[in-house]
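A.B. asks: This is the structure I want to talk about, given as structure tokens.
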Amino acid sequence: MHIWLISFIILLLLLIFYTIIPTVLIRVGSLGITKKINSNNGIALTFDDGPNPEYTIKLLDLLKEYEIKATFFVVGSKVKSNPGIIKRMHEEGHTIGIHHFQHVSSWVLSPIHLRKQLEMTEKAITECTNEKVIFYRPPWGHFNMFTPLFSRKYKVIMWSGIFGDWKVENCKNTLLDQLRSTSTEGSILLLHDCGETLGADKEAPGYMIEMLKIYLQESKEKGTHFISLKDL
């Protein structure tokens, strides 16, 4: 066997142990993460990948109209570009958590770079809110071997409902029915208020908001209760 092939196999195994195995163990075993909330508390709406100067503002307007508090897992570089949106989130009672400084997977981050992603995003949020950051959700739900170490000061939030709303087609054809069928007490629902990430449709959040408005109206009529994670 050629030395380059042996080296490749060793490197591949190291990458698997650094990325995929920790992700599977943490997510399947629910190790140090939260997928659902106490069933008596209601439903938690969470939004990833923002803030976006167009769609996040429309979303905040919608949540304000229905008097709903939500949780936003924000990208630190976008926080730096849109501090006013973060200040508004905070002032209107929403929870703001970390979603890395760039929308980059923990699978491609060294330990040092992972720590920097967390620290830089926390600093960007705190500069806007003057409030301690408690919550963290890694992009794509990816963990690496060092995530438990560097995220131990946060509450790591995953989800119980995810809908592919980063695609326009899914928003138009399936999102509303999925929201209706999966929103049970204790659910953490994951949606996206920015379509600028890899694999997403840029216009998708606009369609998501249209479907969300219908869902919120129906939920209001049924008396469904929504919470922000910091209210737990």
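A.B. asks: Ordered by residue, what ³J(HN,Hα) values in Hz, to whole numbers, does segment 176-181 give under the Karplus form 6.51 cos²θ - 1.76 cosθ + 1.60, where θ = phi - 60° and Gly and Pro are x?
C.D. replies: For segment 176-181, the Karplus-derived couplings read 4, 5, 5, 4, 4, 8 Hz, x marking Gly and Pro.
A.B. asks: Now for a separate question. Could you state the accessible area per residue of segment 96-146 in Å², with a 1.4 Å probe and every protein chain left in place? Walk me through the numbers before you get to the answer.
C.D. replies: Working: 2260 Å² over 51 residues.
It amounts to 44 Å² per residue over segment 96-146.
A.B. asks: Work through the residues other than Thr23 whose Cβ is under 15 Å from its Cβ and net out their charges, Lys, Arg +1 and Asp, Glu -1.
C.D. replies: +3
A.B. asks: A further question on this structure: Can you pull the one-decimal nm distance between simple spin-label points at Lys64 and Lys80, each 7 Å off the Cα toward Cβ?
C.D. replies: If labels sit at Lys64 and Lys80, their model points lie 2.8 nm apart.
A.B. asks: To continue, here is another question. Label segment 153-232 by shape, choosing from rounded, prolate and oblate, from the square roots a ≥ b ≥ c of the eigenvalues of the Cα gyration tensor; if a/c is under 1.5 it is rounded, and otherwise prolate applies when a/b is larger than b/c, oblate when it is not.
C.D. replies: Because a/c hits 1.5 or more and a/b fails to exceed b/c, segment 153-232 counts as oblate.
A.B. asks: Run the 1.4 Å probe and let me know the accessible area of Leu12, rounded to the nearest 10 Å².
C.D. replies: 80 Å²
A.B. asks: What FRET efficiency comes out for the pair Glu169/Leu198, r = Cβ-Cβ distance, R0 = 22 Å, nearest 0.05?
C.D. replies: Numbers: r = 17 Å, r/R0 = 0.79.
Calculated transfer efficiency: 0.80.
A.B. asks: What list of ³J(HN,Hα) values in whole Hz, one per residue of segment 97-104 in order, does the Karplus curve 6.51 cos²θ - 1.76 cosθ + 1.60 (θ = phi - 60°) give from phi, with Gly and Pro shown as x?
C.D. replies: x, 8, 9, 6, 6, 10, 7, 10
A.B. asks: Which residues' amide hydrogens lie under 5 Å from the amide hydrogen of Phe226, considering only partners 5 or more residues apart or on another chain, with H built in the peptide plane?
C.D. replies: It is Ile43, by chain and number.
A.B. asks: Remind me, relative contact order of segment 72-231 in percent, using alpha carbon pairs under 8 angstrom and six or more residues apart? Each step should come with its number before you reach the end.
C.D. replies: Working: 208 pairs, mean separation 30.1, N = 160.
Once normalised by length, the contact order is 19 percent.
A.B. asks: Going down the table (Lys64/Lys172; Lys132/Lys167; Lys35/Lys80), which pairs top 31 Å between alpha carbons?
C.D. replies: Beyond 31 Å: Lys132/Lys167.
A.B. asks: Can you classify segment 19-148 as rounded, prolate or oblate using the Cα gyration tensor, where a ≥ b ≥ c are the square roots of its eigenvalues, rounded means a/c under 1.5, and otherwise it's prolate if a/b beats b/c and oblate if not?
C.D. replies: It comes out oblate by the Cα gyration axes.
A.B. asks: Determine how large the accessible area of Val104 is when every protein chain is in place; take a 1.4 Å probe and give Å² rounded to the nearest 10.
C.D. replies: 40 Å²
A.B. asks: Take Ser39 and Asn130, extend 7 Å from each Cα along the Cα→Cβ direction, and tell me the distance between the two endpoints in nm.
C.D. replies: Result: 4.2 nm between the two label points.
A.B. asks: Name the residues whose placed amide hydrogens come within less than 5 Å of the amide hydrogen of Lys155, ignoring near sequence neighbours (fewer than 5 apart) on the same chain.
C.D. replies: Phe135, Tyr136
The values are calculated or read from the model by the stated rules, or taken from the named source; none is laboratory data. Computed from a predicted model, the values in this text were never measured in an experiment. Cβ coordinates were reconstructed from backbone atoms using ideal geometry, including for glycine residues, and neighbour counts include every protein chain displayed. We work out accessible area using only protein heavy atoms, side chains counted, and drop any ligands, DNA or RNA first. Shrake-Rupley method; radii C 1.70, N 1.55, O 1.52, S 1.80 Å.
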